[in-house]
Amino acid sequence: MNKILLIIKREYLSRVRKKSFLLVTFLVPLFLIGIYALTIYLTAKSFESNEATVYTIDQSGLFANKMANTGKITFLEASDDIAAEKKRILSEEGKTFLLIIPADVSTSSRVELFAKETASFGVQDEITDQLEDVLRDRAYAAAGIDRATLESISPRVSLSAKEITEDGEKDSSAGAAMGIAMSLSILVYICLFLYGSQVMRGIIEEKNSRIVEVIISSVKPFQLMMGKILGIGLVGLTQFILWIVLSTALMGIAGTGLMGGSNAMVAKVENQELVAGNGGSAVVGSEMGMVDKVTQELGKVDFQTIIITFLLYFFGGYLLYSALFAAVGSAVDSETETQQFMLPITIPLLFTYILSFGVLINDPHGTLAFWLSMIPFTSPIAMLVRVPFGVPVWEIVLSFALLVGGFMLTTWMAGRIYRVGILMYGKKASYKELVKWFRYKG
Amino acid sequence: MLEIRNIVKQYANHRALDDVSTRVEQGSIFGLLGPNGAGKTSLIRIINQITAPDGGEIYFDGERLNPNHIGRIGYLPEERGLYKKMEIGEQMLYLAQLKGLSKTEAIDRIKHWFEKMEMQSWWHKKVEDLSKGMQQKVQFVATVVHQPDLIILDEPFTGFDPVNVNIIKEEILALNRNGATIIFSTHRMESVEELCDSIVLINKSKKILDGKVKEIKNTYRTNTYRLEYLHQEKQLTDVAGLFDITSREITGDNTTLTLQIASGMTINDVLAYLIPLVQIHELKEVIPSIHDIFVQHVTAKLKYS
């Protein structure tokens, strides 16, 4: 036992001390935070720099004095000389636009907007909204509908999805659950391969450098294999935990930094709604609603359970698959020869991975989802896809017990192949030979 | 020290060891000899408990071989290697600890050996930064750093450069004088012949013979001598009942004969006959080398089978 600890320690330290480990560990959260901050920054920016002047040439005469100035956009009337107005746009500083409303706008529904730089979506939406409002009012009037009456009878239904559990009702969130389920399945899929192939490469390296025989004259081959698997597994766990801690910390810092900005943004938007009244900022309002909604939805997700099940299933799945990777590593002399043995490892993972997008996410409590999350070879991905949607505790316990049984079986099998494989130099192994090795005594 | 009894090792289509038994005496230098593929490495791996035999057993100091003995054995495999990217000192420490030394003890021993082999400055170097010869020294230290009672060296002198071979030979002999038992395994029989007290010869998975080198050679003496004398006009010929001449070489003024003495006669009888006839320069008994004995054995077997 003491010797296995020594091996784990070496495998762990030799990897954690590498510069590449530190680099990846610190860069990934920074990268994630960077993307997060960039999104928020860009969203905020698009609200700030909207102040624009729109010169309007109204050939239809329908819109005179009906375009309302907002805090962002000022509508000015222009002369009928289109060429002169275009020149003015070119010469003026700031965001100026030329809006040309043709005479047949009520039938063609087409207008043109000229500018030095293409108008932002905010400006475009604002203009089309106002134009549509005016046209709609005209149509209502023509049909004899009173707008005020119409709006007063506009019904609104808000649906709030709740889940019934034994602890009572709680808010459920299909959207956020889906997003998290998808990211988890990608993450596990990538990580199982990433760390599994590290085990394989480590074994090939030991075999190639011939140190393996020196070591197994001191420890049992199984101890060496398990030491390597556990050591690299701990490297993976360390990396995840550091990622979670660093991301949360950075998220906190970024959050307080951005809080001021986003508060101001919300204030501005509210302000704008007051100024613009009903139609003016409908779009902006609904965008803000989205951000709010996402935050709200994320709030409903049980992150603690997800992180714990993720770590458990990652480690369990890793143990199961890395044993197979270890067996492959012991059977070959170089990485290029591993191809022929990789198929049985890749197939179940790829299969679940693909299914998780198509079937599992849409039907997380169906029969297929249930069985895939029970079979040890597929459960590390399948169960993690299901967990954000809420899975009964007994299913998790049963599936995890099966996973533990599964990795005990694969490590035992891999161990039998490994002990023979590592001493076979320069011999190309076939599946038939692996079976033979497996049967050797002692 | 080591009692090997009826070891059988079976691989799928091939029997690597077939009922091999021998003894390694405490404090001796023992040669495990045989051509490539004879089963030497299989036997060594069984002694090192890397693989288990399919039949037979091994006793280490009277006890049945068990994992407690691992720390008392030092093994230099034929296929040598170290972690390329790990620092030498750390690597030594790791290997010594795997053999069961405590950390402080391991550090002391490593420092002692590094001083002895003049490698003090290598502690923080990586294996890939060392020359081949330096790596060999490191590998040797790794084999003996835990002061094993039994040192097993598989093809010890192949791959070492001549300077290192001498350094390492000296160190091995010193360890042997201090009580360690040494097993040399090699297919180059002549390279260890003069070092070994006893040997076992194996060929095609079977033991051919074993025992003390001196005794083996005695039993394989053929009463053959090489005689060099000053060339004279009268040629010596076979003398019935005394000796046969099996070969004759003439170089310059000298003639060299190989004489097979007839049974019942001794070299003194031959000399008594020769001294009046020729002027003798040199006389030497032709003692078969282990290699000759091996060849003789294998060909004899072939004839009878």
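Ranking A:TYR36, B:TYR229 by Cβ neighbours within 10 Å, fewest first, what do you get?
Values: A:TYR36 16, B:TYR229 19.
Ascending Cβ contact count within 10 Å gives the list A:TYR36, B:TYR229.
Work out the count of Lys pairs in the stretch A:16-157 where the Cα-Cα distance is under 19 Å, with the pair 8 or more places apart or on different chains.
Summing the qualifying lysine pairs gives 9.
Read phi for every residue in the stretch B:58-72 and hand back ³J(HN,Hα) as whole Hz from Karplus 6.51 cos²θ - 1.76 cosθ + 1.60, θ = phi - 60°, with x for Gly and Pro.
Result, rounded to whole Hz: 10, 10, 10, 6, x, 9, 5, 3, 8, x, 5, 7, 4, x, 9.
Could you please rank A:TRP412, B:TRP123, placing first whichever residue has the fewest other Cβ atoms within 10 Å of its Cβ?
A:TRP412, B:TRP123
Can you put A:ARG386, B:ARG177, B:ARG226 in order of Cβ neighbours within 10 angstrom, beginning with the fewest? Don't skip to the answer; put the middle values down first.
Details: A:ARG386 29, B:ARG177 9, B:ARG226 15.
Fewest-to-most ranking of A:ARG386, B:ARG177, B:ARG226: B:ARG177, B:ARG226, A:ARG386.
Hey, got the average number of other protein chain Cβ atoms within 10 angstrom for residues in B:81-88?
Working: counts 11, 4, 7, 4, 4, 3, 0, 0.
Across B:81-88, the average partner-chain Cβ count within 10 Å equals 4.
What percentages make up the Cα-Cα pair-distance distribution of the stretch B:7-83 when the bins are 10 Å wide from 0?
Result returned by the calculation: 15, 50, 31, 4.
Just how large is the dipole of the protein assembly as shown about the Cα centre, in debye to the nearest 20, putting +1 at every Lys and Arg Cβ and -1 at every Asp and Glu Cβ?
Values: 75 positive and 81 negative charges, 536 e Å.
Rounded to the nearest 20 debye, it is 2580 debye.
From Cα pairs below 8 angstrom and at least 6 apart in sequence, can you work out the relative contact order of the stretch B:1-155, rounded to a whole percent? Present the calculation step by step, with values, prior to reporting the outcome.
Numbers: 216 pairs, mean separation 38.6, N = 155.
After rounding, I find 25 percent.
Excluding A:ILE4 itself, what net charge comes from residues whose Cβ is under 12 Å from its Cβ, given Lys and Arg +1 and Asp and Glu -1? Working shown, then result.
Numbers: positive: A:LYS3, A:LYS9, A:ARG10, A:LYS220, A:LYS228; negative: A:GLU11.
Residues near A:ILE4 contribute +4 overall.
Near the amide H of B:ILE202, under 5 Å away, which other amide H atoms are found, from residues 5 or more places off or on another chain, if H is placed in the peptide plane?
B:LEU33, B:GLY34, B:ILE208
So if I take the centroid of the Cα atoms in the stretch B:97-130 and the same for the stretch A:351-378, what is the distance between those two points in Å?
Each part's Cα centre sits 53 Å from the other's.
Give the residue from B:ILE287, B:PRO53, A:LEU38 lying farthest towards the positive end of the charge dipole for the protein assembly as shown; charges sit on Cβ (+1 for Lys and Arg, -1 for Asp and Glu) and the dipole is referred to the Cα centre.
It is B:ILE287, whose Cα lies furthest towards the positive end.
For the pairs A:LYS3/B:LYS116; B:LYS85/B:LYS111; B:LYS99/B:LYS212, flag any whose C-alpha to C-alpha distance is greater than 24 Å. Please report the intermediate quantities before stating the final value.
Working: A:LYS3/B:LYS116 28 Å; B:LYS85/B:LYS111 21 Å; B:LYS99/B:LYS212 31 Å.
Those over the limit are A:LYS3/B:LYS116; B:LYS99/B:LYS212.
Could you work out the relative contact order of the stretch A:295-442, using alpha carbon pairs under 8 angstrom and six or more residues apart, expressed as a whole percent?
On the way: 149 pairs, mean separation 50.5, N = 148.
Relative contact order, the stretch A:295-442: 34 percent.
We did not get these values from a lab; they are worked out from the coordinates using the rules stated. Predicted model only: the values in this text are computed from it and were never measured. For neighbour counting, all protein chains shown are included, and Cβ atoms are generated from backbone atoms with ideal geometry for every residue, glycine included.
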